[in-house]
1. Taking the range 65-112, which residues are part of a strand (DSSP E or B) and either within 14 Å of the chain's Cα centre (by Cα) or more than 30 Å from residue 285 (Cβ to Cβ) (or both)?
2. Which residue out of 121, 73 is under 21 Å from residue 29 (Cα atoms) and of a type in the set (Phe, Trp, Tyr)?
3. Could you list, ordered by first residue, the pairs with Cβ atoms under 6 Å in which the first is in the range 1-16 and farther than 18 Å from residue 83 by Cβ and the second is buried (at least 24 other Cβ atoms within 10 Å of the Cβ) and among the small types (Gly, Ala, Ser), at least 6 apart or interchain?
4. Would you pick out the residues in the range 31-43 that are surrounded by fewer than 17 Cβ atoms within 10 Å (Cβ to Cβ) and modelled with pLDDT of 95 or more?
5. Is it the case that the range 182-200 has a residue that's out of contact with any strand residue (DSSP E or B) (no Cβ under 9 Å at 6 or more places or on another chain), at pLDDT 95 or above and of a type in the set (Lys, Arg)?
6. For the range 86-129, which residues satisfy the criterion of being aromatic (Phe, Trp, Tyr) and without any contact (Cβ under 8 Å) to a residue 60 or more places away in the chain?
7. Give me the pairs: first residue in the range 251-275 and acidic (Asp, Glu), second residue in a helix (DSSP H, G or I), beta-carbon distance under 8 Å, and six or more apart or on different chains, which are they?
Amino acid sequence: MGVLDVGCFSARLLVAARGGSLLDPVFSHKTRLRLDRALDSSGRLGTKGVEAIIAAVAKESGLAARHGVSTVFPLATSSIRDACNSAEVVERVRRETGTELRFLSGQREAELSYLAARRWFGAAAGPLAVLDIGGGTVEFAAGDGGQAAFARSLRLGARETTRTWLNAEVPSRESIDALRGFALDRARAAFAEAEPELRGYRTIGCSKVLNQLARLTGARPGRAAASVELHVDDLRTWIPRLAVMPAARRADLPGISRSRAHQALAGAVVAEALLTVLGGSLVVCPWSTTQGLLLTLLDQAEQEDPCLSVA
């Protein structure tokens, strides 16, 4: 069984055997995308972006077929879901590849990230608060059992906040402060009913944005996943440094990929605001929504559910 995750920067196929473990996947392959460059000022995906999606979906679907994968869930994330012409994109991809991209709500994505983190760290980890900063949205879920008891989705993704607040090559201090204030207000409003309780939870970060920020602020590559941490004080040290660097210089920093360099500052500002509310630090988890979705499919197959409903 597999999940084809079509996001802003890649289309990734992850395959696991029924009854197997995601620690030892059968197959994983990625096709690069740059949908951030394909979105116009109105939020519409342009022709080149749509053609890139079609080519990537066709390639990954072909690989799945050649590897005998019987079930593939084709998940399109917020870069496609939130585009003004998302319905047209889905229809054209279906017509030209035979694959119909599917969407999950932000809240459901948050629940799946929680499931992935819970399976990675195990029941002994205690109550978890799971944070996923994506391109378009931030997903957050918390609980002390196998399933999330609290889930929210906020439009505070690194790509979205860069476009809205920090789109200059070197943004002003005023715009950075405005984004931080906005993110703090949104986080406090979203978490108000649970904030006192959440401060006692272990905060987990599930996203490339948070992983790269952890590397930037000092986490060494190759360390055990349970020891890769991100601290709010380190972000406060790095945000002024990032603010005076153009994207090309950020891409030379530890952990910051060239494709994500432009949105690294916004990601850091949003992460700093969220960690201010959530207790000051997090531990990075290598699994996220994709793994949570695949775990759900495998669980349902084990229960012999013919519908494989994850929505």
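1. 75, 76
2. 73
3. 13/2; 15/2
4. 32, the sole residue that qualifies.
5. The answer is no, given that none of the residues of the range 182-200 is out of contact with any strand residue (DSSP E or B) (no Cβ under 9 Å at 6 or more places or on another chain), at pLDDT 95 or above and of a type in the set (Lys, Arg).
6. 103
7. The qualifying pairs are 272/180; 272/232; 272/235; 272/236; 272/239.
One line per residue, one yes/no per condition, for (1) modelled with pLDDT of 95 or more; (2) in the same structural domain as residue 49 (by TED's automatic domain parsing):
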| position | (1), (2) |
| --- | --- |
| 85 | yes, yes |
| 94 | yes, yes |
| 110 | yes, no |
| 128 | yes, no |
| 150 | no, no |
| 157 | yes, no |
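The values are calculated or read from the model by the stated rules, or taken from the named source; none is laboratory data. On a predicted model such as this, the values are computed, not experimentally measured, just so you know. Glycine gets a Cβ as well: all are built from the backbone with ideal geometry, and neighbour counts include every protein chain shown.
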